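Structure first, commentary second.
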Amino acid sequence: MQFPRFIPLALLMLVLSIIGTTLVTQFVRDWALTELKERGENQLLSIISQTRSELAEYQYLPFLVSQSNDVAELLRVPSPDNIARVSRYLEQTNLVAGTTALFVLDTQGNTRAFSHWRAQQNFYKVSHRNQGYFLQALEGQQGIQVTLPTPQREGAIYLSAPVYVLSRLRGVATVRLDLGLLQAGLDQTGQYLFSKKGQILMASKRFQTATELQDIVKAERTTQLYDGSEIQQVELAQGGRALLQAVILDDLGWQVSVLNDLGEVVRAQRNATLFAIALCIVISLLVFLLRERQLKHISRRETQQALERSEARQRDIINTAQVGMITLDNQGQVLFINPMAMQQFSESMQRIQGAHIDQLIAPEMLQGVLKKTLSRLGSKGFAPLIAMETVGKRSDSSHFPMLFSIKQMKREASANYLVTVIDITPRKRLERALQEANDQLEHKVHERTQALKEAQDELVQAEKMAALGRMSSAVVHELNQPLTALRTYIAICRKLIEQNQTAQLENNLELINDLISRMAILTRQLKTFAYQKPQHMAPVDPLLVLDQVLSLLKGRLEQQQIELVYLRPELNLQVSGDSARLEQIFLNLVTNACDALSETEVARMEVQVDHNKERVEIRVIDNGSGIDEQSLSHIFEPFFTTKDIGEGLGLGLSIIRSIVRDLQGDIRVDSRADSRNGYTCFTVTLPLIRQAGES
Ligand code: ADP
């Protein structure tokens with residue numbers, strides 16, 4: 001599998017995108033945190049200054065009360081009048097100043113006068129001896145104390161001042177301010193907390209139910225910003241995260257904290273991340289596009305270069321090719337011709353350029369397929385022509401044989417057809433030489449065949465003559481004997497007639513008749529040998545013919561004590577022939593077997609019949625003397641015989657063979673020569689004309 005080329009670039013872009021996105025996200029987060037921090041700092045400042053100015057508004061009140069003569073008088077003489085006067089004074093001052101309560105304590109911490117004397121008489125029973133603001137004032141200082149809010153009471157600030165009467169500390173003037181008074185102005189500033197030693201003094205609405213700092217802040221984490229400053233990120237118990245900024249007011253021992261939700265930082269961070277990712281995608285796409293364009297440009301340039309190189313190579317090949325090449329336009333006009341073609345046609349580029357291709361072909365060859373192909377140049381019906389043998393025409397009008405091919409060039413813009421021409425003059429010359437050699441050879445073969453035929457004819461003639469000689473001597477021998485005897489008997493007859501002994505004449509005439517019969521048999525045999533094959537064949541059952549022959553020779557078999565083994569199959573077979581000729585075949589084979597068995601002690605003859613759908617095979621087997629190898633090769637020749645003169649003419653097997661061949665059959669012999677225990681088997685195969693069936 002090929003490694004896609006854009007993968008390294010994609011990986012690089014991915015890494016750069018991740019780094020870029022991380023940096024942008026971090027920067028935006030830090031920037032948003034810095035913004036939030038600055039806002040928190042401003043909030044803190046505003047809360048502190050507001051708190052301080054609020055407190056400053058009330059801080060003079062204890063002094064004011066401590067300077068009152070009525071108050072001094074009361075502390076000196078706590079008469080009911082004095083109490084009533086001071087109480088009214090405190091009531092009015094409280095109303096005017098907007099504080100929660102004003103009261104004057106004696107040095108024992110007991111209440112001597114109280115702004116709310118009308119409604120809260122119980123207040124007089126409460127001792128303030130242990131309260132911080134009382135103890136601080138007793139020491140001559142300005143006292144301040146904060147009480148934490150409880151379920152029953154709101155948290156409050158107590159401000160106190162010592163009351164001196166004639167330089168002697170006589171009591172303590174105290175102002176109580178509910179924390180709610182301070183809080184009213186702070187609620188605009190955001191989420192804040194006032195705490196002391198982890199206890200919540202007051203808080204913005206969201207955290208009002210909490211009593212301790214840990215009810216609000218679950219976990220803290222310090223984060224360093226890019227400018228090196230640190231911020232406190234806290235996890236809120238109510239859920240969410242916030243930026244915590246706190247300042248401790250040393251004089252009051254309060255910790256003022258401002259909490260700003262980090263939600264907007266997270267949002268800004270998320271937006272920045274999304275923006276950075278989108279930007280990276282856009283940049284990556286741009287880079288890819290540019291890269292792709294650049295690669296395309298490079299590839300186009302490379303292709304162009306390769307094309308130019310290939311064209312140059314092609315031009316080189318065409319110019320040095322040993323084949324004539326011509327390019328044609330759609331009209332069949334020559335656009336280009338390579339040096340080889342110029343040489344073949346004895347043409348120059350200037351002369352041939354623009355000429356029609358027809359001019360390069362011998363006019364008499366412009367017909368048939370070639371003409372049709374050239375006429376279809378530039379049309380859709382054009383079919384290429386490959387290696388067509390035709391004749392080219394040179395500029396000097398001389399001709400040369402050529403192999404002409406033309407095909408369309410699909411990729412070439414200007415040229416449409418490429419013609420290739422191969423001059424086949426040398427090949428033609430060779431072909432001609434080969435043809436001549438062939439003709440000579442054929443002539444020689446013909447001559448030799450003729451000579452051979454003549455020799456064969458001579459041989460046949462010689463064989464014929466030899467056969468004729470053999471036949472003549474046999475016939476002469478066969479005829480001479482009875483003729484000599486005839487002459488003798490005729491002389492005797494003549495003598496007997498002269499002597500008038502007619503009684504004996506009859507005997508002699510009988511003998512003459514016998515001799516004539518014998519000669520007739522001989523001539524009949526010769527006639528059979530000359531017999532032509534019958535014109536009309538008829539279906540014959542060979543087994544019936546065999547039956548007749550065996551019954552005819554039954555007497556001889558018995559006489560010679562020959563055991564005949566013949567399991568005659570009950571078949572109805574049909575061969576095409578005539579029964580006389582079939583009879584001749586079987587008669588001859590059985591007679592020959594009888595002759596061969598004449599010297600055998602236990603003579604045995606076997607007849608076998610085999611057949612299939614197409615042919616029947618009849619075998620005549622005997623255990624007679626057999627045939628020696630030399631005789632076996634001549635056995636079917638006419639006039640070949642091993643029998644004594646007068647006993648056989650040697651025509652039987654020769655006649656059988658020609659009959660069997662006439663019947664489209666075959667005869668074979670298999671034999672072993674042995675005077676005591678020989679073996680001979682003649683097999684006659686004949687084609688069947690009808691399928692054999694059990695009768
Ligand atoms: P003829 O019987 O007149 O000699 P044939 O052509 O019938 O002529 O036979 C040729 C020769 O083939 C015979 O002389 C004999 O030697 C040989 N021959 C034919 N049949 C047999 C046989 N069954 N066993 C041995 N020899 C045979």
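No lab work stands behind these numbers, since they all come straight from the coordinates. Being a predicted model, the structure only gives us computed values, none of them experimental. Heads up, the Cβs are rebuilt from the backbone with ideal geometry, glycines too, and the neighbour counts pull from every protein chain shown.
Need one word for the range 302-345: rounded, prolate or oblate. Basis is the Cα gyration tensor (sqrt eigenvalues a ≥ b ≥ c); a/c below 1.5 gives rounded, then a/b vs b/c decides. Cα axes put the range 302-345 in the oblate bin.
Dipole of the range 194-328 (Lys/Arg Cβ +1, Asp/Glu Cβ -1, origin at the Cα centre): which of Ile248, Ile318, Ala272 lies farthest to the positive side? So the residue furthest toward the plus end is Ile318. Peptides 240-246, 590-596 ranked from most to least packed by the mean count of surrounding Cβ atoms within 10 Å: 590-596, 240-246. Spatial offset of the range 153-167 relative to the range 557-571 amounts to 172 Å, using the alpha carbon center of each.
Taking label points 7 Å from Cα along the Cα-to-Cβ direction, Thr320 and Tyr226 give a separation of 6.7 nm. Label positions at Gln59 and Glu614, each projected 7 Å from the Cα along the C-beta direction, are separated by 14.4 nm.
Shape call for the range 206-340 from the C-alpha gyration tensor, a ≥ b ≥ c root eigenvalues: rounded (a/c under 1.5), prolate (a/b greater than b/c) or oblate?
Cα axes put the range 206-340 in the prolate bin.
Under 11 Å from the Cβ of Gln344, count the other residues' Cβ atoms, weight Lys and Arg +1, Asp and Glu -1, and hand me the total. Counting the neighbours of Gln344, the net charge comes to 0. When +1 charges are put on Lys and Arg Cβ atoms and -1 charges on Asp and Glu Cβ atoms, the dipole computed for the chain relative to its Cα centre reaches about 3640 debye. For the chain, the relative contact order works out to 7 percent when only alpha carbon pairs closer than 8 Å and six or more residues apart are counted. Across the options Leu12, Leu663, Ala306, the greatest Cα extent toward the positive end of the charge dipole of the chain (unit charges at beta carbon of Lys, Arg, Asp, Glu) belongs to Leu12.
Sum up the charges of everything whose Cβ sits under 12 Å from the Cβ of Ala383, counting Lys and Arg as +1 and Asp and Glu as -1, but leave Ala383 out.
That sum, taken over residues with Cβ under 12 Å, equals +4.
Residues with beta-carbon under 15 Å from that of Ala503, excluding Ala503: net charge, scoring Lys, Arg +1 and Asp, Glu -1?
Values: positive: Lys495; negative: Glu498, Glu506, Glu510.
Local charge sum for Ala503: -2.
For the range 146-287, the share of alpha carbon pairs falling in successive 5 Å distance bins from zero is 2, 8, 13, 16, 13, 11, 9, 7, 6, 5, 4, 3, 1, 1, 1, 0, 0, 0, 0 percent.
To the nearest µm²/s, what D does Stokes-Einstein give for the chain at 4 °C and 1.567 mPa s, using the Kirkwood radius over alpha carbon pairs as Rh? Once the numbers are plugged in, D ends up at 29 µm²/s.
Screening the chain for DSSP H helices whose Cα atoms reach 30 Å or more along their own axis and whose mean Kyte hydropathy is at least -1.0 gives 7-66, 263-320, 425-498, 502-529. Dividing the summed helix terms, -39500 (n - 2.57) for each DSSP H run of n ≥ 4, by the number of residues in the chain produces a 222 nm estimate of -16500 deg cm²/dmol to the nearest 500. The order of Phe636, Phe103, going from fewest to most other C-beta atoms within 10 Å of their C-beta, is Phe636, Phe103. Among rounded, prolate and oblate, which fits the range 245-301 when a ≥ b ≥ c are the square roots of the eigenvalues of its C-alpha gyration tensor, a/c under 1.5 means rounded, and a/b larger than b/c means prolate? Prolate is the answer for the range 245-301, as a/c is 1.5 or above and a/b outweighs b/c.
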